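Engineer: Below is one structure. I have some questions about it.
The values are calculated or read from the model by the stated rules, or taken from the named source; none is laboratory data. From a predicted model like this one, the values you see are computed outputs, not experimental measurements. Here Cβ is always computed from backbone atoms with ideal geometry, including for glycine, and neighbour counts include all displayed protein chains. All accessible areas refer to the heavy atoms of the entire protein, side chains included, with ligands and DNA or RNA removed. Shrake-Rupley method; radii C 1.70, N 1.55, O 1.52, S 1.80 Å.
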Amino acid sequence: MIKTVNLSKNFGDKEVLKDLSIDFEKGKTTVVLGRSGTGKSVLLKVILRLLSIDSGEVYIDNIDTTDFSESRMMGVRRKMGMLFQGSALFDSMSVYENVAFTLREHTRLSEGEIRDIVKEKLEFVEMTGTEGLMPAELSGGMQKRIALARTMANNPDYIFFDEPTTGLDPITARTINELIIRVREHTGTTIVVVTHDLDSAAMVAQKIVLIKEGEKYFEGTPDDFQRSDIDFVKSFRSGGKDM
Amino acid sequence: MIEEILKNSPPGVFFNHIYNYILFLRITIRAAIGGAFYFKEIIEQLYQIGNRSLSIVILVGTFTGMVLSFQTGIEMARFGAKAYIGSVVLVSLVRELGPVLTALVVAGRVGSGITAELGSMKVTDQIDAMRAMAVDPYKKLVLTRLTALLIMLPVLVAVADTFGFFGGAIIATTNLNVGFELYKSTALNNIYLEDLFSGLVKPIVFAIIIGTIGCYLGMNTKGGTKGVGSSTTLSVVISSIFIFVFDFILTKIFFLVYR
Ligand SMILES: Nc1ncnc2c1ncn2[C@@H]1O[C@H](COP(=O)(O)OP(=O)(O)OP(=O)(O)O)[C@@H](O)[C@H]1O
Ligand SMILES: [Mg+2]
């Protein structure tokens, strides 16, 4: 389980996250919804401590990681994975090397074992046979899949998805959503998805959190979200039509 | 508001860079202690550095030796001292021109490449992705490049010195009527251990300059592709300035120590 308590983050005078308290329950998919620029990517980066915390706490598996140094966070990160908004594949490495990355870094598996795992993960994301390609040769949707395979290579307990469907056509977006569901069903991974895509949220979420300018406006089940009569929830649901 | 203006003024930017550069050095030194050692990456970087700069270093070394021999040879002939041309060429190369010119070539070819590579990895989140996968980019990217430069720059300087020496010999034998035997013996008789020592210390210091500035600017790149461009240019400019400044400082120190 991951829990943030009164989490705040500023860049200079700009408050990006304000007193955010969110529970990300074990084995479930939580979707954090919010408009562009509300601090969704920052939230994920702060939890992984790729950005520092200004105030508040972050608990990971009931351990307060707030004051962890970079080297202690390295240990925590081994059980976590993140899919970046732009995939962030290593563009000097082939697909194979990208997916094998954490295996080479953190395990002593033989090349044969690595090859089997890479093959299995590529099969899972339906990208079999792309081992030899370079990231630049892949479309955006394919890059997201490879990034997912890379994240899954060392079977993390948590996977964070930053805008997994943004910039994809509806059909590709749907296949990515299906993949996210499949990851949870197959592996029991705790998943956090941040997005502004309502369809994606409706498909994958067991829990929805809506934030606006770094503050939490809503937290509950997708059903509650559909029924909620909080103004901002209503306007977000309708895409701003009844504002 | 005032804070903002101060921060964006030239001195503000300057001190901000100094502060961040010191932070960068601290992180890098910490990363150097213990943990994973990336032998394969260092070999790869050694190859990259050699591949990018060897041919230019040979070219620059040879022509510098030739020009040095030519210019000073004509002048020395007027004082009847042209027999000593070999010694002038070799000492100038080993003490001064070999290290400085090689370092400038490497700053332009390799330092800029490092900044561009790390910078584009930074702005496309690849650096953060690496950290998210529990791999320290300072160990895997920065230290490997720094180590490779520390090994390779002295080697490249030795190459430049050697080719410069022979470049000088070509001019001495063909234009100045100084035989190769004489050229060689005056050269080798007048080169001292101090010269070789200074010829080794300078490349090491220059490697630290090129490597740390190149990596620092890369790892701190902001502002997308445009940011990568300006970091890269800055990397070459700042490294070159520091190479000249430290060349003078080191020369001064050597003279103080050996006088
Ligand atoms: N490293 C940084 N330095 C300064 N400001 C930043 C930094 N990262 C993010 N910000 C600012 O924080 C705010 C939130 O950014 P963030 O990337 O989290 O938005 P987002 O909700 O992910 O938006 P999008 O849906 O467009 O990805 C933005 O205004 C952004 O300018
Ligand atoms: Mg974002």
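Engineer: Near residue A:97, within a Cβ-to-Cβ distance under 10 Å, what is the net charge of the other residues, with Lys and Arg +1 and Asp and Glu -1?
Structural biologist: Here the count lands on +1.
Engineer: Listed here are the pairs A:18/B:139; A:3/A:234; A:28/A:216; which of them are more than 24 Å apart at the Cα?
Structural biologist: Beyond 24 Å between Cα atoms: A:18/B:139; A:3/A:234.
Engineer: Could you pull out the pairs from B:40/B:122; A:79/A:121; A:26/A:144; B:122/B:202 whose alpha carbons sit more than 19 Å apart here?
Structural biologist: Among B:40/B:122; A:79/A:121; A:26/A:144; B:122/B:202, the Cα-Cα distance tops 19 Å for B:40/B:122; A:26/A:144; B:122/B:202.
Engineer: Moving on. From other protein chains only, count the Cβ atoms within 10 Å of every residue's Cβ in B:131-142, then give the mean.
Structural biologist: What the average comes to for B:131-142 is 6.
Engineer: Could you list which residues have their amide H under 5 Å from that of residue A:55, counting only those 5 or more apart in sequence or on another chain, with H placed in the peptide plane?
Structural biologist: Here A:8 satisfy the definition.
Engineer: Could you work out, residue by residue across A:103-109, how many beta carbons of other chains sit within 10 Å of that residue's beta carbon, and then give the average as an integer?
Structural biologist: 2
Engineer: Per-residue mean of other chain beta-carbon atoms within 10 angstrom of the beta-carbon, peptide A:75-88?
Structural biologist: Partner-chain Cβ atoms within 10 Å, mean over residues of A:75-88: 4.
Engineer: Follow-up question, since we're still on this one. Starting at the first residue of region A:185-202, write each ³J(HN,Hα) from the Karplus equation 6.51 cos²θ - 1.76 cosθ + 1.60 with θ = phi - 60°, in whole Hz, x for Gly and Pro.
Structural biologist: For region A:185-202, the Karplus-derived couplings read 5, 7, 10, x, 5, 7, 10, 10, 10, 10, 6, 10, 8, 5, 4, 4, 4, 4 Hz, x marking Gly and Pro.
Engineer: Here's a follow-up. Return one quarter of the surface area of the convex hull spanned by the alpha-carbon atoms of the protein assembly as shown, equal to its mean projected area, in nm².
Structural biologist: Its average projected convex-hull area is 29.6 nm².
Engineer: Note the buried accessible area between B and A here, summed over both chains, with a 1.4 Å probe, in Å² to the nearest 100.
Structural biologist: For chain B against chain A, roughly 1600 Å² becomes buried.
Engineer: Which ³J(HN,Hα) values in Hz, rounded to whole numbers, follow from the phi angles of region A:158-168 under the Karplus curve 6.51 cos²θ - 1.76 cosθ + 1.60, where θ = phi - 60° and Gly and Pro get x?
Structural biologist: Listing the rounded values in order: 10, 10, 9, 10, 9, 6, x, 10, 5, x, 10 Hz.
Engineer: What are the semi-axes of the equivalent ellipsoid of region B:61-164, taken as the square roots of 5 times the eigenvalues of the Cα gyration tensor, listed largest first and rounded to whole Å?
Structural biologist: 44, 12, 7
Engineer: If each Cα of chain A is one equal point scatterer, what is log10 of I(q)/I(0) from the Debye formula at q = 0.13, 0.16 Å⁻¹?
Structural biologist: Here the Debye-derived log intensity ratios amount to -0.81, -1.19.
Engineer: Using Cα-Cα distances under 8 Å and only pairs 6 or more residues apart, what relative contact order does region B:37-254 have, in percent?
Structural biologist: That works out to 37 percent.
Engineer: Within the accessible area of region B:111-204, what % is carbon and sulfur when the probe is 1.4 Å and the other protein chains stay in place?
Structural biologist: Ligands and nucleic acids excluded, carbon and sulfur give 67 percent.
Engineer: Something else now. Using the per-residue mean of other Cβ atoms lying within 10 Å as a proxy for protection, in what order, highest first, do the peptides B:65-75, A:165-175 fall?
Structural biologist: B:65-75, A:165-175
Engineer: Still on this structure, I have one more. Could you list the chymotrypsin sites (Phe, Trp or Tyr not before Pro) in region B:176-219 that lie in coil according to DSSP, counting only those with at most 13 other Cβ atoms within 10 Å of their Cβ?
Structural biologist: Passing both the DSSP loop test and the Cβ count: B:192.
Engineer: At most 12 other Cβ atoms within 10 Å and a DSSP loop assignment: could you name the trypsin sites (Lys or Arg not before Pro) in region A:191-241 that fit?
Structural biologist: A:241
Engineer: Could you let me know the centre-to-centre spacing of region B:130-174 and region A:137-166, using Cα atoms, in angstrom?
Structural biologist: Cα centres, region B:130-174 to region A:137-166: 37 Å.
Engineer: Straight-line reach from residue A:14: which aspartates and glutamates fall under 19 Å, measuring Cα to Cα and dropping same-chain residues less than 8 apart?
Structural biologist: Within reach: A:54, A:213, A:215, B:3, B:4.
Engineer: Let me ask another. Looking only at GluC sites (Glu not before Pro) in DSSP loops with at most 14 other Cβ atoms within 10 Å, what is the longest site-free stretch of chain A?
Structural biologist: So the longest stretch without any such site is A:26-125.
Engineer: Now for a different question. For residue B:34, what charge total do you get from the other residues with a beta carbon under 12 Å from its beta carbon, if Lys and Arg give +1 and Asp and Glu give -1?
Structural biologist: +1
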